[in-house]
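Take a look at the structure set out below.
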Amino acid sequence: MATTSGSAQDILTQPLTLEQIHDIQENNRIAAVLPVSLQDVSDLSPEELADHLSIQLTDSDLLTDVQFERVGVQDENTVLMKVSGDVTMLLETLELFSEHADEEEDEDKE
């Protein structure tokens, strides 16, 4: 996991991989600290910010029940947000894509 040191915990600098999501999820929820620009916080509606944070955390907007809170300040333009969400829909969607890809691969072999 690419992180930089943070005061409370590590700060995520790139989206989690599927393997990392599986490793850190607990009761289908994940959480991490992300740097977020103040401009994003002020310009986006709460729903748009939740989608933006989902993409930052998982590289997908399929994270549900996204919750976030400010936990620190990185610099004058960036706040640190603890972001958490439910990965059930994300994992189910990726599983469906994987099964579909496997079926197509099997058809190609025939």
Just to be sure I understand the filter: pairs with C-beta atoms under 6 Å, separated by 6 or more residues or on different chains, first member in the stretch 10-28 and more than 17 Å from Asp61 (Cβ to Cβ) and free of Cβ contacts under 8 Å to residues at least 60 places away in the same chain, second member outside any helix (DSSP H, G or I) and not hydroxyl-bearing (Ser, Thr, Tyr). Which pairs pass? Thr13/Ala2; Gln20/Met1; Ile24/Ile30
Could you grab the pairs with beta carbons closer than 8 Å, sequence gap of 6+ or different chains, first residue in the stretch 64-88 and farther than 19 Å from Glu48 by Cβ, second one surrounded by 13 or more Cβ atoms within 10 Å (Cβ to Cβ) and acidic (Asp, Glu)? none
Limited to the stretch 26-61, what total is found for residues that are in contact with a strand residue (DSSP E or B) (Cβ under 9 Å, 6 or more places away or on another chain) and within 16 Å of Thr93 (Cα to Cα)? 4
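Each row is one residue, and each column tells you yes or no for (1) modelled with pLDDT of 95 or more; (2) charged (D, E, K, R); (3) closer than 22 Å to Thr13 by Cβ; (4) more than 12 Å from the chain's Cα centre (by Cα).
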| residue | (1), (2), (3), (4) |
| --- | --- |
| Gln39 | yes, no, yes, yes |
| Ser54 | yes, no, yes, no |
| Glu69 | yes, yes, yes, yes |
| Asn77 | yes, no, yes, yes |
| Asp86 | yes, yes, no, no |
| Leu90 | no, no, yes, no |
| Thr93 | no, no, no, yes |
| Asp108 | no, yes, no, yes |
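The values are calculated or read from the model by the stated rules, or taken from the named source; none is laboratory data. In this text the structure is predicted, and so the values were computed from the model without any measurement. Here the Cβ is made from the backbone with ideal geometry for all residues, glycine too, and neighbour counts use every protein chain on show.
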